[in-house]
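First comes the structure, then the notes that go with it.
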Amino acid sequence: MSRLRRFLSTPEAVAGALILALLAVMALVAPLLFSGDPQAIAGPALQPPFQDWSLPLGTDRLGRDVLAELFHGARTSLAVGLAAAAAALLIGAVVGTLAGFAGGLVDEVLMRVTDAFQTVPSFLLALAFVSIVGPSLGVVVAAIALSAWTGPARVARAEVLSIRERDYVAGARVIGMHPLEIAFREVLPNALPPVLALSSVIVAAAILTEAALSFLGLGDPNRVTWGGMIAEGRTVLRTAPFLSIVPGVALVLTVLGVYLAGEGVVESTAVRRSLS
Amino acid sequence: MSVLAVSSLTKRYRRGSKPFAAVDDVSFEINPAETLALAGPSGSGKSTIARLVLRLIEPDAGRIAFEGADFLALSGAALRARRARLQMVFQDPLAAFNPRATVARVLDDPLRIHNIATRAERPRRIAALLERVGLDAGLAARAIHEISGGQRQRVAIARAIATRPSLIVLDEAVSALDVSVRGQILELLLDLQRQERIAYLFISHDLGVIRAVAHRVVILDAGRIAESGDARAVIADPQSAIGKALVAATPRLTRSRP
């Protein structure tokens, strides 16, 4: 409880939490509020916002409800952002722990693979992956995770290198614990906090990458995405700028919210660490 | 037959570019229910020997026979199984446990790994172990960082005896404890030795403690054995320069000499 209070003690964290809460609510109520297909035609094409209150944010080039698209887009953005970040953190933590704990040849091989992934620009990697495998939500998540796991892997390895020299790891060996159990049960949980501190950056980057992929037409075609909405609006940017601005603002706010909330979490845990 | 026989043990490290021997041609034996102390100044190789004996690091040369079998020949699952008989208690009881662990988990691990008790039996075994080292069984649910240093070292001893070892390496096991607790822990160790016939490799720089608990002592200097023999005799009349220096550095020992 006191941890929550400490988290909410900075205005940035409160703002971030509010934005994320709003986003989560949008994603959750989207199928209730806009039960039909958000890609179905709902009215006349290119209706400006705030004219017809049954279509508050107007319609796009094909006459689709922009508000419905926005709500359903929140689902995609959140799902992709969280799933990709979770996958990246999982892969990174496992690879980093194995490399740091095993040392020697295993370490060399795993870290050279990490280097290889890091030398390729991450967006290019995601782009190439999706263009080869084909656009679907799962592939997009995999592509983003593939380009984002190297950071967590490096942080986890550095942390594991320091933890594996501690007495309690020697103690675990003395009682005959299997090396894999030592790595994943004794070492990894204690190496996680700095890795998890990366999560807000990764979630934000994942949301942006997903939007960029969709903007380039490599998103899942069966789902509404904010990146796709911006791409749609681009062709009529002069006559109906709101079609690009509305999802663009949503994207900016979401990424901002993730950063602020992430910063708040890091801040509050830092305080807790220095107190103990 | 000896529990542990170490012969010509050598471990070299590199300091900058020039190699030096942290442990140089060290040989000793420990008999069942016997306490052998390793004494010596900082950097004399005491802790390196402990880690070599426990196979936490590998020697460059020498042999280790544990319970009559070549201990260095073991690897993998065979080594892990054998480790049940050879346990260790560390100096800093806080650093020796996973900071997230509870007392119950710390004691559960050896019982589970070596199949000593079924899952259903283990809570009872854990309670018995805690009582054996003079702790309340209710302590099991507490986190390691919630109990006192003396209690933590008792838990460490309980963990070490959980697998019924024949030898426990005590690496400065009482050095970090305050004086009143130290006496109780030494009492507990002597009591366990009498009842379970456990041998101790007792590493300490404190000759007062060594004289109180050890049968024999080996005094190390820069990785080599300077002298060895009956603990009381060596401490009363050290022959080596380093032995004399260690005794002289312990004022109450020189004063108590007749």
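Values in this text are rule-based calculations from the coordinates and carry no lab data. Bear in mind the structure is a predicted one, so any value in this text is a computation, not a measurement. All Cβ positions, even for glycine, are placed from backbone atoms using ideal geometry, and neighbour counts span all protein chains on display.
Can you work out the Karplus-derived ³J(HN,Hα) for every residue in region A:218-227? Use 6.51 cos²θ - 1.76 cosθ + 1.60 with θ = phi - 60°, whole Hz, and x for glycine or proline.
Once θ is set to phi - 60°, the couplings for region A:218-227 become 10, x, 5, x, 8, 10, 7, 10, 5, x Hz.
Can you tell me the mean projection area, over all orientations, of the convex hull of chain A's alpha carbons? Units nm², please.
On the way: hull surface 70.8 nm².
Quarter of the Cα hull surface area: 17.7 nm².
What ratio of Cα Rg to 2.2 N^0.38 Å holds for region A:1-100? Don't skip to the answer; put the middle values down first.
On the way: Rg = 19.2 Å, N = 100, 2.2 N^0.38 = 12.7 Å.
Working it through for region A:1-100, the quotient is 1.51.
Sort all Cα-Cα distances of chain B into consecutive 5 angstrom bins from zero, then give the percent of pairs in each bin up to the one containing the longest distance.
Distribution as computed: 1, 6, 13, 17, 18, 16, 13, 8, 5, 2, 0, 0 percent.
Between beta-carbons, use under 10 Å as the cut-off and find the net charge around residue B:118, counting Lys and Arg +1, Asp and Glu -1.
Details: positive: B:112, B:119, B:122, B:125; negative: B:121.
Once positives and negatives cancel, what remains is +3.
Using the Cβ atoms and a cut-off under 12 Å, what net charge is assigned to the surroundings of residue B:243, where Lys and Arg are +1 and Asp and Glu are -1? Kindly include the intermediate steps, with their values, before the conclusion.
Details: positive: B:244; negative: B:221, B:227, B:237.
Its environment carries a net charge of -2.
How many nm separate the modelled label positions at residue B:141 and residue A:158, each set 7 Å beyond the Cα in the direction of the Cβ?
4.1
For each of A:259, A:168, count neighbouring Cβ atoms within 10 Å of the residue's Cβ, then give the residues from fewest to most.
On the way: A:259 17, A:168 24.
Ascending Cβ contact count within 10 Å gives the list A:259, A:168.
In whole Å, what are the extents of region A:5-51 along the principal axes defined by its C-alpha atoms, from largest to smallest?
Here the spans come out as 49, 23, 13 Å, largest first.
For residue B:212 and residue B:239, FRET efficiency with R0 = 30 Å and r from the beta-carbon atoms, rounded to 0.05?
Here the calculated transfer efficiency is 0.90.
Dividing the Cα radius of gyration by the Kirkwood radius, what Rg/Rh value follows for region A:138-236?
Working: Rg = 20.0 Å, Rh = 16.2 Å.
So for region A:138-236, dividing Rg by the Kirkwood Rh gives 1.24.
May I ask you to derive the FRET efficiency for residue A:24 and residue B:112 from their Cβ-Cβ distance with R0 = 41 Å, giving the value to the nearest 0.05? Spell out each step's value before the answer.
Numbers: r = 40 Å, r/R0 = 0.98.
Plugging the Cβ-Cβ distance into 1/(1 + (r/R0)^6) gives 0.55.
What list do you get for B:12, B:132, A:5 if you sort them by fewest beta carbons within 10 Å?
On the way: B:12 15, B:132 18, A:5 9.
Going from least to most buried by this count: A:5, B:12, B:132.
Quick one: order B:177, A:28 by neighbouring beta-carbon count within 10 Å, fewest to most.
Working: B:177 20, A:28 14.
So the ranking, lowest neighbour count to highest, is A:28, B:177.
Towards the positive end of the charge dipole of the protein assembly as shown, with charges on Cβ (+1 Lys, Arg; -1 Asp, Glu), say which of B:111, A:231, A:215 has the farthest Cα.
B:111
Report relative contact order for chain B in percent, whole number only (criteria: Cα-Cα under 8 Å, sequence separation at least 6).
Details: 479 pairs, mean separation 68.0, N = 258.
That works out to 26 percent.
May I ask you to list the aspartates and glutamates whose Cα is less than 19 Å away from that of residue B:11, ignoring any residue fewer than eight positions away on the same chain?
Reachable aspartates and glutamates: A:165, B:24, B:25, B:29, B:58, B:60, B:70, B:171, B:221.
For residue A:14 paired with residue B:27, estimate the spin-label separation in nm (one decimal), with each label point 7 Å from Cα along the Cα-to-Cβ line.
Between residue A:14 and residue B:27, the label points sit 7.7 nm apart.
Starting from the Kirkwood radius over alpha-carbon pairs of the protein assembly as shown, derive D by Stokes-Einstein at 37 °C in a medium of 0.692 mPa s and give it in µm² s⁻¹.
Working: Rh = 27.6 Å.
Rounded to a whole number, D works out at 119 µm²/s.
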